[in-house]
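The numbers here are math on the coordinates, done by the rules we state, and not lab data. Predicted, not measured: the structure shown is a model, and the values here were computed from it. Every residue, glycine as well, gets a Cβ built from its backbone with ideal geometry; the counts of neighbours run over all protein chains shown.
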Amino acid sequence: MIETRPKKNHERAVLVGLEQAGVSKWDLQDSLDELRELANSAGAEVVETVTQKLQKPTAPYYIGKGKAELIKDSLQDRHITSIIFDDELSPAQGRNLETLLSRKVLDRTQLILDIFAQRARSREGRLQIELAQLQYLLPRLTRMWEHLSRQTGGIGMRGPGETQLEVDRRRVQERIARLERELESVRKTRAVQREGRKRHQWPVASVVGYTNAGKSTLLNLLTGADVIAENRLFATLDPTTRAFTLPNKQRVLLTDTVGFLRKLPHTLIESFKATLEEVHEADLLIHVVDLSHPRVDEQMEAVDNVIKELDAFGKQTLIVFNKIDKLADRELADSYLKRFPGSVAISAKTGEGVASLVQTLQDTLASWRLRLHFRIPSKESALVAEVHRVGHVLELRYEGEDAIVIAHVPPQLEAKLAAYSQ
């Protein structure tokens, strides 16, 4: 049977994963399944998945030259355009693999960056993704000048390729510096906006969760927002904040954030700090979990790891188990509700359980209506820092050696500060 030639500009990809020491075959398969979803989200058709078992990646070809040559032999007459690796490749590995395979070689980081570039809509989002792309590109610029690399270098023999490479590197560095200045301006603007919210003394709840867990669907349901909510990874990137009035008339600001992911590139977290600061500054985290996903525990752990990297650990968190309408057995929801006291189970798609969520949110935020006064001695500076991190500081001043703090704090922190209450 003759294989039909794919349409022009249609991406056909082979996925490559490495089973290393300490990584189970099941963990690798789950990671590759997620990589397939990412590739599909980027618009590629996955033709095949290849795995290799090694103690650790090899420096020149990541999966070893022998395995790379086997992949090369398998590419004949299959119209493969891209080879996508499940982990980040070093500049040398990417260069060597592209030379050997004569195909476009991408890694997981590049794939995620490409998806983000497709999804970003706001000026801020585009600035952040461009910064992340340039930071990733900078150490890999030599791959663009391979066709000139055969020229002899050294004193008196510096070819145009080397000169152009240095020019490009300087331009990229200048552009990175400019983007960082613009994003710093964005962060200052967001800080001013947050100060405005604090004057209203409305608590801020940041909706976090693994990508495609249903965060935007939930925000739309509660607030009538028109955030894009699609069944695909990273459907929304730009943060959206909407006011929501609870049954007791208390107002709360709900902020939707970019979805998290295992192996989320560090450069991406750094570039999106202006957006992800909403998580750091929130009074409460609403962690939306896709309970229908087969690796729900791993997804929850991945979200917790990103929250720790954002220095937002310890904040009061309401866990919302979503997509119960997809469960074949509702006993699974009951077991998770028992494991995580205070959590709720809902379907943001059908509305089931949302009334219980709203009531739980109201009960959780009840403590935020109380202005508490504390006198904290200077030797307890770590406590002052904790109030800033997990509480809502309304006023801070110093009298002698003591810090006078007026704040809304969650119950567990209030108990911890009881000795300093005034």
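Peptide packing: for 397-407, 55-65, the average count of neighbouring Cβ atoms within 10 Å per residue gives the ranking 55-65, 397-407, highest mean first. Taking the average, over residues, of other Cβ atoms within 10 Å as the packing measure, peptides 121-131, 279-289 rank 279-289, 121-131 from highest down. Going Cα to Cα from LYS326, which lysines come in below 17 Å? Please leave out same-chain ones fewer than 8 positions away. Counting by Cα, and skipping residues close in sequence, LYS326 has these lysines nearby: LYS215, LYS349. Modelled spin-label separation between LYS188 and ASP33, with each label point placed 7 Å from Cα along the Cα-to-Cβ direction: 4.8 nm.
Pairwise Cα separations in region 11-115 fall into 5 Å bins from 0 onward with the following percentages, short to long: 2, 13, 26, 26, 21, 10, 1, 0. Can you return the lysines within cross-link range of LYS249? Criterion is Cα-Cα under 16 Å, with same-chain partners fewer than 8 residues away left out. Result set, ordered by chain and number: empty. Report the calculated FRET efficiency for ARG171 and ARG123 (r = Cβ-Cβ distance, R0 = 22 Å), to the nearest 0.05. So, using R0 = 22 Å, E works out to roughly 0.55. By the beta-carbon count within 10 Å of each Cβ, the least crowded to most crowded order of SER82, SER185, fewest first, is SER185, SER82.
At full extension, ALA385 and THR350 could sit 8.5 nm farther apart than now, given 0.36 nm per residue minus the alpha carbon distance. In order along region 68-79, the Karplus-derived 3J(HN,Hα) couplings, from 6.51 cos²θ - 1.76 cosθ + 1.60 at θ = phi - 60°, round to 4, 5, 5, 4, 4, 5, 7, 7, 4, 6, 10, 6 Hz, and Gly and Pro are given as x. Listed cross-link partners LYS53/LYS323; LYS25/LYS56; LYS188/LYS308 are compared with a 25 Å cut-off, the Cα-Cα value being larger for LYS53/LYS323.
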